[in-house]
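What follows is one structure encoded as structure tokens, with my remarks underneath.
The values are calculated or read from the model by the stated rules, or taken from the named source; none is laboratory data. Computed from a prediction, not measured in an experiment: that's the story for all the values here. Neighbour counts run over all protein chains shown; Cβ positions are idealised from the backbone, glycine included. Areas reflect the complete protein model, heavy atoms only, side chains present, ligands, DNA and RNA absent. Shrake-Rupley method; radii C 1.70, N 1.55, O 1.52, S 1.80 Å.
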Amino acid sequence: MRTPFLIIQLVILPLFTFAQVYPTPESYLCYSTSEPIEVDGVLDEEDWEKAEWSKLFVDIEGDKQPAPLFETKMKMLWDKDYLYIAAELIEPHLWSTIEERDAVIYQDNDFEVFINPNPNSHQYYEFEMNLLNTVWDLMMTKPYRDGGSYMNAWHIEGLKSAVKLYGTINDPSDIDDKWTLEIAFPWAVLAQEKPVLIYPEEGRRWRINFSRVEWQHEVVDGKYTKKIDPNTGNSFPEYNWVWSPQGEIAMHMPEQWGYIQFTENKVGDKKDIDVSETESERLYRQLFDIYRAQKNYWLKYREYAYSLDQLGWKTPFLYKGTEVIPVITKIPGGYIVSLEIPQEKKTLMVRYDSYGEVITHP
């Protein structure tokens, strides 16, 4: 959530920052299960044993910041009914306070999931849970940066989630070990927008990311509480540790989320499949550099640029070393920047409100 930061960030950016290099997103190959997963927070099924752990989470800004204090990792599986997610979070101090569903869960230490099943859509999902298994599920109409709002009353019908605590919660007198969690997201909800384009099949790719929020704490009167910055009188800012680094303190940049690719192969039946970012996916993300430059141009001139020269753009777009040139087209209310990829028979487009589309030609 954390929308105020996004507004401040937009204002303080230099007016013309070109070709800002954002981290290359992580990728994960998601295998199918051999049998349904019991969602109890305990990762003891044989299928979970076979599933590969992700890389350890990093700071949301990537290499700009030190490595997280505690390790976090996740893994994923799927079957005909659910997308399963498991995570392990090393935590020497297990504490949580929020018990009301759809409260602002990240005010506690929490685990968050961001899912965009259809890259040709503004709509995406956010899910948060704390150590008490209190959840917050919401649907975003589009990113906050473009005036998006969230549907807080929307619930994931059929959702399953569970937590296993390795230690004693809310007891500062001891040192704890970790907590693990399981989530089962039903396809009946996640695929309802466009089932034909969303439901898993061999090679299908979504955008997804995970975040862990961790607050600095102190013990007051025998209870955990957020640590106060004496200079401000407020709690210190939270840590944001993620699977795929965003490059900024901003989770609501779907173009920077990681990739999940589904395979119909059973977990344990390892396949040599390259799921890393493709050339066209990289170029699609690069179009968002123009989007950000256009935001800055508008702040200065109160209008958009309608050519790369007018924008002052100098950085080439390269497909395997061959230059491909974006075109900015004026439309009512703004612009579309489009890029033809003849090598893949695709057209990539990003609109002034960050709506993106990938069109495949026959």
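Some observations on this one:
- Within the shell defined by Cβ-Cβ distances under 13 Å, the residues around residue 267 carry a net charge of -4, with Lys and Arg each +1 and Asp and Glu each -1.
- Charge context of residue 360, other residues only, Cβ under 11 angstrom, K/R +1, D/E -1: 0
- Packing, taken as the mean count of other beta carbons within 10 Å per residue, orders the peptides 248-258, 227-237, 138-148 from highest to lowest as 248-258, 138-148, 227-237.
- Take the chain with all the other protein chains still there, run a 1.4 Å probe, and you get 45 Å² of accessible area per residue.
- Summing charges over neighbours of residue 97, with a neighbour being any other residue whose Cβ is under 13 Å away from its Cβ, gives -2 when K and R count +1 and D and E count -1.
- Among the GluC sites (Glu not before Pro) in the range 137-219, those located in a DSSP loop and surrounded by at most 15 other Cβ atoms within 10 Å of their own Cβ are 157, 193, 201, 202.
- Taking Cα atoms only, the orientation of helix 3-12 departs from the longest principal axis of the chain by about 40 degrees.
- Shown for the range 224-349: the carbon plus sulfur share of the solvent-accessible area, taken with all protein chains present and a 1.4 angstrom probe, equals 51%.
- Computed from phi, the 3J(HN,Hα) profile of the range 284-294 under the Karplus parametrisation 6.51, -1.76, 1.60 (θ = phi - 60°) reads 4, 5, 5, 4, 6, 5, 5, 4, 5, 5, 5 Hz, with x in place of Gly and Pro.
- In the chain, the calculated helix contribution to ellipticity at 222 nm averages -4000 deg cm²/dmol per residue, counting -39,500 (n - 2.57) for every DSSP H run with n ≥ 4.
- Against the rule of thumb 2.2 N^0.38 Å, how large the Cα Rg of the chain comes out: 1.03
- Peptides 300-306, 85-91, 335-341 ordered by packing proxy, namely the average of other Cβ atoms within 10 Å per residue, highest first: 85-91, 335-341, 300-306.
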